[in-house]
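Remarks on the structure that follows.
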Amino acid sequence: MITNNESILSNTNPVKKASGIERYKSYLPAAIIIVVLFVLGQILSPGFASARNVSNIFAQASILALVAISQSLVIFVGEFGIDLSVGAIMSMSAMLMPFYTQGQASALPMAIFMVVLIGGLAGFINGTGVQIIKIPALAITLVMATVVDGFTLAFTKGLPSKALPEVLKTVGQPLFGQVRTCIIIAVVIIVIFQLVLSYSRYGKSVFLLGSNRNAAKLTGLRVNSTVIIAFTIAGMMAAFAGVIMVGYVGSSNLRMGDSYTLMSVAAVVIGGAKLSGGSGTLLGAALGSIVLILLTSVLIAAGLSTGIRTFLQGLILVMILLFNSRAPKLRV
Amino acid sequence: MTFLNFECKGISKQFGAVVALKDVGFSIKEGEVRALLGGNGSGKSTLAKVIAGAVKPDSGNITAFDAEFMPSSPDEAKKHHIIMTSQELSLFSNLSVAQNLSFCTIPVKGGLITDNKKILSVAKDILSELNVLHLLDKRIDELAPNEKYMIEYAKALVQDPRLLIIDEITSALYKKDVEIIKASIEKVKNNGCSVIFISHRLPEIFDICETVTVMRSGAVVADMEVANASEQELISLMTGKTITKEDADKRFQDAQTETQGKTILSISDLKLSGFESTLGIDIGEGEIVGVAGLQGHGQSTLVRQLFGLESHMSLTIDGEKTTIRNPRQAVKKGMAFISGDREKEGVFKEQSISENLRVVGDIILKKRQKNVGEILDRYHVVYGNTGHKLVSLSGGNQQKVVISRWTSVFPKIVLADDPTKGIDVQARSEVHQIFKELAEQGSAVLMVSSDDAELVNLAKVTNKSRVIVMYEGKIIKVLRGAEITEENIGHASMPVVRSDEN
Amino acid sequence: MRNSLMKIVRNTAFPIFVLLIAFIIINGAMSGFTSSFVVGFFTSNFALCCVTIGTAVIIMGGGIDVSLGAMVALINCIFTQLVEHGWNFGLAVVVSLLISMACGALNGTVVGFFRVSPMLATFGSLSIFSGLALTVLPLPGGTMPVGFRNFYMGTIAGIPIALLIIIALLLLAFLVHRSPLGTKIIAVGLDAPKSFISGVRVNSVTFFTYVFAGFVCGVGAIGLTANMGGGDPNVGTALSMSAIASCVIGGVALSGGKGNALGAVFGSLFFGLLINTVIAARTPSFQQGMIRGIILLVGMIVAAVLLRGTTSTRAKQLRNEGAND
């Protein structure tokens, strides 16, 4: 259904799997776009490229990057996997945190554990639906989003959110210099996940399954558990991203996570992954996250109305796709 | 009516690093039946696809009907009534026979609605002409392989061709079907249609065609009248090697007739899915067993079922009774499976050469593997860096790497489903050497092949070999030693009883 | 007779039809069917039904479109503004429909001719349409002529006008289905490269499905405008996703090439009825969303399990066997 697309960032010889410094060459275009956008932002609104604002942007991007990990896993594992429930899970997590903590810092670990558990459960059901019942990922995660949203509403009964522990709200504060805590958290988590993906048996299995599902089966790889685990972790990570999100913003509302769903997909694709699976990196997804948030910020700095901003965001995305993301021609 | 006057000049085409066509010239007259002959990699299929508009050549031009002609899509070629049957079948499995037949020119009533009645009547006409009227109400996925190819041919006929290209459909057909095709070709030829007949079966070519074009390595090497050619001459032209009488009569040294050594794989009462009867098979240490027969008679199903791909399988491996429920268990018990469809089932396209090679050893069997470079060199794989993606190598080399993924873990049993499909002659014989090495190390090899000549060559590689011929899910003939010849295999594939039916 | 019966049962729309009837009965038992209920039901679910028909055709052709909800918002805002600015009503309708088809054409060009991934491309156009809607009508507002609203909410021979229009659109979809174009759409959805070899102009076929969806969504938008009595740039955010869910439940396979618009519409009616059932069952308001979601989930699983039987057993794919765990 969804056609294959070449990644935006793999401009080097696509046939060589680059090693060492070579690999980082493929991130050059994204890096350039980021620099250009910063310059543009600075021109449009002096102070845009100030340390404080850059830190702001990176902080927001870190939240997107965390949920982009979820999306990455699901996409890497192949068969056009996608998780449209991540936004709902983020909202759930953000809404439930005040209830579980009741403003007490001591309740924080337990609260995080609970929301991650719920997110993982949702992810587990997604994975089982996809792999055992053979429901397309797009369909089941779409419906799961409705279920999770409904659950959140039912759980909180629409009551206003209680207080959040102050310590959670410090994620948005700088830890040292202008570097915010949430950025550090995101970097650490991304590094850990990338190491797992690159060097562990499970991580390698994920990419093998995405690269050629049939061959994976024939070589004896455990398909069902690899996929279900991927979706489960995706759900857990989305919940965690929601925790960081609510800490950063300081309050929660039911629609908070909505925009993150499709943005996480865009971030992963801009970062170099193929929608068909089998390739991609978390660094790429993180860069993609920065590009997206930066783009929005620049458009805001340009003083454009919401309408025109949204319009331009869509237009720019479509243009990027036109230049970089085309399926192979039907005729050779 | 304009005369066809079909002519190609200077057609060249490259797919990446592979040169498929080198400055090819080709022409055909009205009503001529031309054979297009060549081995794997000769370029004959590519040339056909260029003519039919499915592939755009890098250079060259075509004239037809006295005008420049370069179809940029199959749609355009069809407008000029240049129709090609497709080796991979252009039929839609979910649609019915009738729907598929009229697919290219769907009749309408009232200018808008599909005329189902007309579709049926057109279908009936063409199906009865080809003596397959009984297939009318079926869906494509309910048909047997030979029936599918007959419908593929019928679909081409329905489009009223002026130039009909028949691409390798006879390998899946029974003798009686081939007779029907022959008669049909006679008929269209008399109506002024030209036919390009692609096949590797020389007897058919002598029977059906008037002229023959031989291709090798992307170029045309001969254009002659069939009447003036001999089988030996054609084979020499195709392979580029002169076949002497000695080669043709090559006997086996010390031809063995019984299984030696211990039995590695043993199974009885195996019912292949989709067939009624059961079969049993024993393979000994160091044996290479070839599996022959017409496509679709259970050969592929046999090796796949043995590997645990269908349902669970009770068999005896190396004296030990086991149950295999899935490929993972099979691999852990020392089995290996090599598929000929490397794109869909073999190559991990995003991964490197080294990752592709290591996958079974590292991840499934958790065995640290030998130097990857050493293995590649031993198999004469041409590569730059093991960190490069596997897909950067040529097809034959890719397949060798896929095979070495298994050989490097010393499997007891190797099951192969047409493993050399679509790779060039050189790489093919290198693969046979790999299998020879495996057998010498004590593995048992069970290899399915759709190419009878290959099975004959493979049998010569060791002195412990058998070819079993399958038909309708049963083993109907076992050939050993000197008995293994193309004629014998061919004969055994089509039991006399069957072709007398209908 | 038996043959036609078998054909009906095998139709992909059958399972959802049964499910729908079951829900209608449940609803009827719980709250009864007054004529005002029926009219209200169809006028409020009109937009969803329209978007679902468009989505179904796109999905059958092998694509997907997440921008349709935003497209509805855009047309809704444009139509509202045109009427506000005194345009001739009929002209406003025509222009709005043309614009909706142009939006569909944008999607169709990027996906059909430039072969960009449909999911991402329509995600982009979602923002484009949404942004334009906000620019055309920044704040909800506007008024609609009373006559228009009355017409939309009215009935002919007891049948709601909204339902009649849906039936008309279904007939249009049916016409396409029964034409050679319909066969080609299914073929492209089943296997685009194979269709290409068989001479189908795949790009044009794909393009058509998106333009068709654009038209149908335009109709839905106009109906929605009548229902709301004005315009709102934020309307329709959930429409695309609900339409996709309706299609899946209605038997339209996401992979393409299977299903029909009728089943999809049944799916959207089921969706609408579901909300009603949950409300009528006097579920506490805060639990309604979750109950609805769970029923949808169960419905989807049931549909998936039931429909697996309709694909041929002989054509077993490797993908379904031997998962190794």
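Laboratory data are not the source of any read-out in this text; all were calculated from the coordinates shown. What you see is a predicted model, and the numbers here were worked out from it, not measured in a lab. Please note: Cβ atoms are built from the backbone with ideal geometry, for glycine as well, and neighbour counts cover all protein chains shown.
Over the protein assembly as shown, the pair-distance histogram of Cα-Cα distances with 20 Å bins from zero comes to 11, 37, 36, 14, 2, 0 percent, rounded to whole numbers.
A straight Cα-to-Cα reach below 20 Å connects B:LYS118 with the lysines B:LYS109, B:LYS138, B:LYS155, C:LYS184, residues fewer than 8 places away in its own chain not being considered.
Each peptide in B:350-357, B:215-222 was scored by the mean count of other Cβ atoms within 10 Å over its residues; highest first, the order is B:350-357, B:215-222.
Legend: ranking of residues A:LEU159, A:LEU153, B:LEU36 from fewest to most surrounding C-beta atoms inside 10 Å; resulting order A:LEU159, A:LEU153, B:LEU36. Relative contact order of region B:378-502, please, whole-number percent, based on alpha carbon pairs below 8 angstrom and at least 6 residues apart. Across region B:378-502, relative contact order equals 18 percent. For region C:42-158, the equivalent ellipsoid built from the Cα gyration tensor has semi-axes of 27, 18, 12 Å, listed from largest to smallest. Taking every alpha-carbon pair under 8 Å whose residues sit at least 6 apart, chain A reaches a relative contact order of 36 percent. Going by neighbour counts of Cβ atoms within 10 Å, the residues C:HIS177, C:HIS85, B:HIS297 line up, fewest first, as C:HIS85, C:HIS177, B:HIS297.
Take the Cβ atoms of C:ALA29 and C:VAL302, set R0 to 25 Å, and the FRET efficiency comes out at 0.75. Charge tally around A:LEU64: other residues with Cβ under 15 Å, Lys/Arg +1 each, Asp/Glu -1 each, net -1.
When chain A is treated as a GNM with alpha-carbon contacts under 10 Å, the residue of A:GLY307, A:GLY257, A:GLY87 showing the greatest mean-square fluctuation is A:GLY307. Each 20 Å bin, from zero up to the one with the longest distance, holds this percent of the alpha carbon pairs of chain B: 21, 53, 25, 1. Sorting B:THR407, B:THR323, A:THR181, C:THR237 from the fewest to the most surrounding beta carbons within 10 angstrom yields B:THR323, C:THR237, A:THR181, B:THR407. The phi torsions of region B:303-314, fed into the Karplus equation with coefficients 6.51, -1.76 and 1.60 and a -60° offset, translate into couplings of 5, 6, 5, 4, 7, x, 7, 9, 9, 6, 10, 9 Hz, rounded to whole numbers, with Gly and Pro shown as x.
Mean sequence separation of contacting Cα pairs (under 8 Å, at least six apart), scaled by the length of region C:1-113, corresponds to a relative contact order of 14 percent. In units of the compact-protein estimate 2.2 N^0.38 Å, region B:43-101 shows a Cα radius of gyration of 1.28. Distance from the Cα centre of region B:274-336 to that of region B:372-418, in angstrom? Result: 23 Å between the Cα centres. How many angstrom separate the Cα center of region B:148-173 from the Cα center of region C:239-311? For region B:148-173 versus region C:239-311, the Cα centre distance is 44 Å.
Plainly put, region A:174-332 has a radius of gyration that is 1.01 times its Kirkwood radius, both from alpha-carbon atoms, as the Rg/Rh ratio.
Counting only DSSP beta bridges with both residues in the protein assembly as shown, the antiparallel share comes to about 60 percent. Going by Cα centres, region A:27-73 and region C:142-183 are how many Å apart? One Cα centre to the other: 48 Å. Among residues other than B:GLU152 with Cβ under 11 Å from its Cβ, the summed charge is -2 (Lys and Arg +1, Asp and Glu -1).
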